[in-house]
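Notes for the one structure printed next.
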Amino acid sequence: MHNLNLNMMKKLLIISFLTAGIILESCGGIKRNPGTVYMPDMGYSRAYETYADHSNLDKLGIFYNNMPVAGTIARGEEMPFLLTKDVQGDTTNYVAAKLITNPLPPLDSLDMKETERLFLVNCAICHGAALDGNGPLYKDGNGPFPAKPANFVGDPKIIAMPEGQMFYSVTYGKNLMGSYASQLSRKQRWMIIHYIKSKQAEAEASAAPAKDSTTTVKK
């Protein structure tokens with residue numbers, strides 16, 4: 001029995017020394033060959049620099065043009081507007097914009113208040129706080145602008161303009177007005193169009209002749 005216990009202890013010591021040696025060897029600082037990598041592109045991807053010169057990639061057989069795939073939407077992008085800006089002299093997409101409707105539901109009182117603020121900050125300097133085209137830059141003809149900006153509530157052509165064309169104009173600019181795509185998000189642009197349309201409806205309602213509420217009694 002005593003000899004049996006000694007043999008067991010020897011075996012345990014040998015196993016312990018072997019295990020410790022394997023652990024020490026695996027933790028060594030010697031760089032080893034990892035062997036064959038099945039999918040190297042997944043393990044060692046090519047470095048990408050956003051603003052680097054990629055003109056030499058064609059020579060390496062790599063296609064790259066830094067453009068998203070047509071029709072795709074970036075993560076976090078909302079309410080995409082797929083019509084691009086017309087080239088000079090062409091109005092194809094401007095006309096096509098007539099068919100696009102406002103994707104936002106009608107604004108509640110809080111949204112309307114915020115949209116009024118956005119309009120006053122970005123639009124009223126030209127179109128006026130009353131949306132009549134008499135902003136500070138025109139000022140009854142005494143301002144720096146010689147031509148009166150669009151009258152949103154008094155010009156039948158502007159009143160009849162579809163929402164999609166309004167959005168196109170705000171996004172890409174139209175005539176003397178530049179683009180506001182960098183100042184206003186898509187949602188904010190659609191909100192402003194809701195605001196303009198609501199003011200147009202109010203102006204039309206106030207301009208409509210009042211109905212005679214009296215009744216004629218026949219004898």
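The values are calculated or read from the model by the stated rules, or taken from the named source; none is laboratory data. Bear in mind the structure is a predicted one, so any value in this text is a computation, not a measurement. Methodologically, a virtual Cβ is constructed for each residue, glycine included, from the backbone with ideal geometry; neighbour enumeration extends over all protein chains shown. Please note that ligands, DNA and RNA were not included when accessible areas were found on the heavy atoms of the full protein model with its side chains. Shrake-Rupley method; radii C 1.70, N 1.55, O 1.52, S 1.80 Å.
One table, with the values for the structure above:
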read-out: Candidates Tyr172, Tyr168 - the one that is at pLDDT 90 or above and out of contact with any helix residue (DSSP H, G or I) (no Cβ under 7 Å at 6 or more places or on another chain); value: Tyr172
read-out: Where a residue in region 192-205 is of a type in the set (S, T, N, Q) and its partner, wherever it lies, is crowded, with 19+ Cβ neighbours inside 10 Å, with Cβ under 7 Å and at least six apart; value: Gln200/Phe152; Gln200/Val153
read-out: Subset of region 74-104 [open to solvent by 90 Å² or more (accessible area, probe 1.4 Å), part of a loop (DSSP other than H, G, I, E, B) and either over 22 Å from Arg186 (Cβ atoms) or not charged (D, E, K, R) (or both)]; value: Leu82, Val87, Gln88, Thr101
read-out: Which numbered condition Asn122 fails, given (1) surrounded by 17 or more Cβ atoms within 10 Å (Cβ to Cβ); (2) under 17 Å from Met191 (Cα atoms); (3) touching an Asp or Glu at 6+ places or on another chain (Cβ under 7 Å); value: (3)
read-out: Qualifying residue in region 73-86 (condition: touching a helix residue (DSSP H, G or I) at 6+ places or on another chain (Cβ under 8 Å), closer than 19 Å to Lys199 by Cα and not aliphatic (A, V, I, L, M)); value: no
read-out: Of the criteria (1) at pLDDT 90 or above; (2) surrounded by 10 or more Cβ atoms within 10 Å (Cβ to Cβ), which one Tyr64 fails; value: (1)
read-out: Selection count where residues are assigned to a loop (DSSP other than H, G, I, E, B) and either under 26 Å from the mean Cα position of the chain (by Cα) or among the hydrophobic types (A, V, I, L, M, F, W, C) (or both), scope region 164-212; value: 13
